[in-house]
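Take a look at the structure set out below.
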Amino acid sequence: MSGAVDKIEVAGFRHFFQSESGPVQATSIIDLRIQAGEFVTLVGPSGCGKTTLLKAIAGFIKPSEGRIFCNGRPVTGPGRDRGVVFQELAILPWRTVRRNIGHGLDIAGTKPAERDRIVARLIDLVGLRGFEDRYPHELSGGMRQRVAVARTWAADPDVILMDEPFAAVDAMTRLTLQEELARLCATTNKTVFFITHGVEEAVFLGDRVLVMTRRPGRIKAEIAVPRRTPGGRDWESFTADPEMQAICEQVLRLVREERGATLVAGDGASVVPAA
Amino acid sequence: MSIATTANAPPQAFPSALSAVLRPLKGLRIVLPFAMVVAIWWAIKWHWALDDRVLASPAQVAIAALQLGNRGILADYAATSLRMMGIAALISALIGVPLGFAIGANRVVARALEGTLRFLQGISGVAWLPLAIIWFGFSDTTKLTVVIYTLVVPIIVNTIVGVRAIPENYVLALQSLGASRLRIMWDVYLPGALPSIVVGLRLGMGYGWRALIAAEMLVRRGGLGDLIFGARTFSQIDRIMVGMVLIGTLYIIVDRLLVQPIETMTLARWGVLRK
Ligand SMILES: Nc1ncnc2c1ncn2[C@@H]1O[C@H](COP(=O)(O)OP(=O)(O)OP(=O)(O)O)[C@@H](O)[C@H]1O
Ligand SMILES: [Mg+2]
């Protein structure tokens with residue numbers, strides 16, 4: 001650390017999409033810094049530009065305005081220093097669990113023995129032992145999402161970008177996955193940028209929670225989450241902790257201000273501006 | 001629940017007893033319609049007392065088939081056609097698949113070429129025969145040109161369809177794992193598009209076989225089209241009909257015993273996995 005450059009720096013980012021009916025402004029100006037080892041969560045109303053911001057950091061889209069840096073170097077495209085876990089499923093259906101998780105290592109040219117060792121450790125870590133040779137369609141939604149997380153982790157990127165990775169998972173599984181993710185992050189000390197709709201999820205996982213306004217979104221608030229027991233995060237102690245609950249309420253209030261505002265125009269406003 | 005069990009139970013009991021009796025009948029179910037066609041053919045011949053110079057009877061055709069078969073003539077003509085088909089299929093796949101990838105990889109290009117491909121599909125391979133004969137004479141090259149043209153268009157179209165159907169996230173995820181373009185082609189596009197490519201190949205083989213017979217009738221120089229068109233000169237009705245039966249039979253054999261198993265295999269292996 002030692003006050004080095006930020007892992008991620010977003011400076012004056014603003015993005016417009018070209019559509020049939022002219023440019024659509026996806027975000028207002030966004031400035032953001034994420035330090036090494038930090039777990040930053042981002043909440044905001046649907047269509048406010050969260051995915052757009054994440055895609056720009058990942059290098060999938062070129063910002064209309066502003067600059068993005070990773071480790072002080074400008075981002076010009078996707079790279080293996082920034083792993084991504086997608087909102088929709090993106091593991092390959094024709095590869096087994098083992099081959100999906102080891103994919104990044106294969107691409108990096110890791111020696112098979114070393115790769116197998118890393119993959120085996122991650123399979124244990126995400127609780128998929130016994131399913132190594134299954135195909136994704138033989139797994140539950142939660143298990144598939146764990147494969148996706150493990151694949152990104154195995155490639156050992158500097159920064160992990162996650163876009164609502166647990167949105168499509170049932171509530172019970174989600175709790176487990178969140179705990180697993182918290183544990184994984186605590187043990188590997190990764191830098192994570194995590195998008196979610198869930199206020200509790202954001203506070204539970206994040207060291208810092210960012211709240212966005214409705215589209216075109218900008219970051220309107222930033223709440224630090226003190227973490228007293230970094231290793232042992234679980235939902236029981238989280239829900240029992242009055243300080244955490246107070247933070248949740250604070251974030252919820254900030255989010256609901258935006259939701260309330262969008263209700264008037266409706267969520268459809270994110271696609272077609274209301275007349 | 002109770003509905004499901006009651007609905008499931010009886011079919012369990014019936015087939016076990018019935019299927020043992022019905023299984024030999026399954027072959028019959030396929031053969032029977034053929035037998036009926038032969039019966040109708042025979043009935044027409046008898047009812048109108050048609051001359052042998054107009055329509056040969058199934059028995060006469062069978063005898064002619066035995067005679068031609070014994071002298072190795074049938075095998076010779078059939079081998080010529082099958083070899084042409086094999087060569088054409090191979091070359092078409094080698095041209096069509098890469099072309100389909102090149103076009104399909106870019107949405108704009110794929111859209112732009114959609115009309116052109118449809119236009120070309122409209123001009124059947126047979127319609128190219130006059131030009132091909134002027135360019136290449138009455139040669140194998142002319143036949144190959146026509147058949148390859150016929151095969152390659154459905155292969156290109158289906159490869160494009162297969163590539164376009166691959167979720168963008170698969171590609172983005174691999175880019176974030178540091179994959180090169182070639183790697184993405186090999187690990188995502190090829191396996192992702194494979195089921196569709198095989199469907200295109202199978203369709204193409206059907207069209208191509210018909211085009212080949214037509215081309216052989218005009219170009220001559222061997223093949224089943226040559227056999228039946230040559231027999232016309234001496235009004236050898238039985239020969240013509242032997243050739244026709246063989247054309248249909250070979251198509252079924254190639255399609256059912258060769259192409260369809262490949263399709264079933266890839267669909268089972270990849271198609272289901274894609275879901
Ligand atoms: N490819 C695109 N072309 C045109 N407009 C787009 C495109 N992608 C996103 N948008 C628009 O940009 C805005 C922001 O989209 P984005 O996907 O970033 O929202 P989000 O905050 O991730 O929403 P959600 O929470 O629903 O995932 C939306 O209004 C959306 O309609
Ligand atoms: Mg999104």
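Taking the conditions exactly as written (in a helix (DSSP H, G or I) and surrounded by 21 or more Cβ atoms within 10 Å (Cβ to Cβ)), does A:Arg115 satisfy them or not?
Working: in a helix (DSSP H, G or I): yes; surrounded by 21 or more Cβ atoms within 10 Å (Cβ to Cβ): no.
The answer is no for A:Arg115.
Taking first residues from the stretch B:162-187 that are farther than 15 Å from A:Pro78 by Cβ and partners that are modelled with pLDDT under 90 and open to solvent by 60 Å² or more (accessible area, probe 1.4 Å), no Cβ contact under 7 Å between residues at least 6 apart in sequence or on separate chains turns up.
Could you count how many residues in the stretch B:65-97 are of a type outside the set (A, V, I, L, M, F, W, C) and open to solvent by less than 70 Å² (accessible area, probe 1.4 Å)?
Matching residues across the stretch B:65-97 total 8.
Checked against (1) crowded, with 22+ Cβ neighbours inside 10 Å; (2) within 13 Å of ligand 2 (Cβ to nearest atom), A:Ile91 passes all but condition (2). The sole residue among A:Ala150, A:Ala186 that is in a helix (DSSP H, G or I) and crowded, with 20+ Cβ neighbours inside 10 Å is A:Ala150.
Select from the stretch B:208-248 the residues that are within 12 Å of the chain's Cα centre (by Cα) and farther than 19 Å from B:Gly125 by Cα and list them in ascending order. B:Gly248, the sole residue that qualifies. Give me the pairs: first residue in the stretch A:46-70 and touching a residue at least 60 places away in the same chain (Cβ under 8 Å), second residue near ligand 2 (Cβ under 9 Å from one of its atoms) and of a type in the set (D, E, K, R), beta-carbon distance under 8 Å, and six or more apart or on different chains, which are they? Note: pairs meeting the criteria are A:Lys50/A:Asp163; A:Thr51/A:Asp163; A:Leu54/A:Asp163.
The set of residues in the stretch A:69-105 being under 24 Å from B:Pro191 (Cβ atoms), more than 8 Å from every other protein chain (Cβ to nearest Cβ) and part of a loop (DSSP other than H, G, I, E, B) consists of A:Gln87, A:Arg95, A:Thr96, A:Gly102. The residues on offer are A:Ala148, A:Ala171, A:Ala154, and the sole one that is away from ligand 2 (no atom under 16 Å from the Cβ) and within 14 Å of chain B (Cβ to nearest Cβ) is A:Ala154. Considering A:Asp241, A:Asp207, the condition of being more than 16 Å from ligand 2 (Cβ to nearest atom), open to solvent by 10 Å² or more (accessible area, probe 1.4 Å) and modelled with pLDDT of 90 or more is satisfied by A:Asp207 alone. Can you tell me which residues in the stretch A:24-68 are within 14 Å of another protein chain (Cβ to nearest Cβ), within 11 Å of ligand 2 (Cβ to nearest atom) and of a type outside the set (A, V, I, L, M, F, W, C)? A:Thr51, A:Thr52, A:Lys55, listed by residue number.
When A:Glu164 is tested against (1) within 14 Å of chain B (Cβ to nearest Cβ); (2) open to solvent by 10 Å² or more (accessible area, probe 1.4 Å); (3) more than 14 Å from the chain's Cα centre (by Cα), just one condition goes unmet, and that condition is (3). Kindly evaluate A:Phe16 against the criterion of being closer than 14 Å to A:Val159 by Cα, touching a strand residue (DSSP E or B) at 6+ places or on another chain (Cβ under 8 Å) and either touching a residue at least 40 places away in the same chain (Cβ under 8 Å) or part of a loop (DSSP other than H, G, I, E, B) (or both). For A:Phe16, the condition - closer than 14 Å to A:Val159 by Cα, touching a strand residue (DSSP E or B) at 6+ places or on another chain (Cβ under 8 Å) and either touching a residue at least 40 places away in the same chain (Cβ under 8 Å) or part of a loop (DSSP other than H, G, I, E, B) (or both) - is not met.
With respect to A:Thr187, is the statement that it is away from ligand 2 (no atom under 16 Å from the Cβ) and at pLDDT 90 or above true?
Working: away from ligand 2 (no atom under 16 Å from the Cβ): yes; at pLDDT 90 or above: no.
Here the answer is no, as A:Thr187 does not meet what is asked.
Each row is one residue, and each column tells you yes or no for (1) of a type in the set (S, T, N, Q); (2) farther than 21 Å from B:Gly192 by Cα; (3) open to solvent by 60 Å² or more (accessible area, probe 1.4 Å).
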residue	(1), (2), (3)
B:Leu117	no, yes, no
B:Gly122	no, yes, yes
B:Ala132	no, yes, no
B:Lys143	no, yes, no
B:Val147	no, yes, no
B:Val153	no, no, no
B:Val157	no, no, no
B:Asn169	yes, no, no
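Which of the residues that make up the stretch B:191-210 are in contact with a Phe, Trp or Tyr (Cβ under 8 Å, 6 or more places away or on another chain) and open to solvent by less than 20 Å² (accessible area, probe 1.4 Å)?
Quick first cut of the stretch B:191-210, residues in contact with a Phe, Trp or Tyr (Cβ under 8 Å, 6 or more places away or on another chain) only: B:191-195, B:206, B:209.
Hits for the stretch B:191-210 are B:Pro191, B:Gly192, B:Ala193, B:Pro195, B:Gly206, B:Trp209.
Across the stretch A:212-229, the qualifying residues are those that are within 16 Å of ligand 2 (Cβ to nearest atom) and open to solvent by less than 70 Å² (accessible area, probe 1.4 Å), and the one among them that is modelled with the lowest pLDDT is A:Arg215. Among the residues of the stretch A:154-183, those identified as touching a helix residue (DSSP H, G or I) at 6+ places or on another chain (Cβ under 7 Å) and not in a loop (DSSP other than H, G, I, E, B) are A:Ala154, A:Ile160, A:Leu161, A:Asp163, A:Thr173, A:Leu175, A:Leu177, A:Gln178, A:Glu179, A:Leu181, A:Ala182.
Has the stretch A:41-61 got at least one residue that is of a type in the set (Lys, Arg), in a strand (DSSP E or B) and either away from ligand 1 (no atom under 16 Å from the Cβ) or closer than 27 Å to A:Arg144 by Cβ (or both)?
The answer is no; no qualifying residue exists.
Of the candidates A:Thr213, A:Thr187, the single residue that is hydroxyl-bearing (Ser, Thr, Tyr) and over 28 Å from A:Ile30 (Cα atoms) is A:Thr187.
The values are calculated or read from the model by the stated rules, or taken from the named source; none is laboratory data. Keep in mind the model is a prediction, meaning the values are calculated, not measured. As a convention, Cβ positions derive from the backbone with ideal geometry for all residues, glycine included, and neighbour counts pool all protein chains shown. Surface accessibility is based on the protein's heavy atoms, side chains included, excluding ligands, DNA and RNA. Shrake-Rupley method; radii C 1.70, N 1.55, O 1.52, S 1.80 Å.
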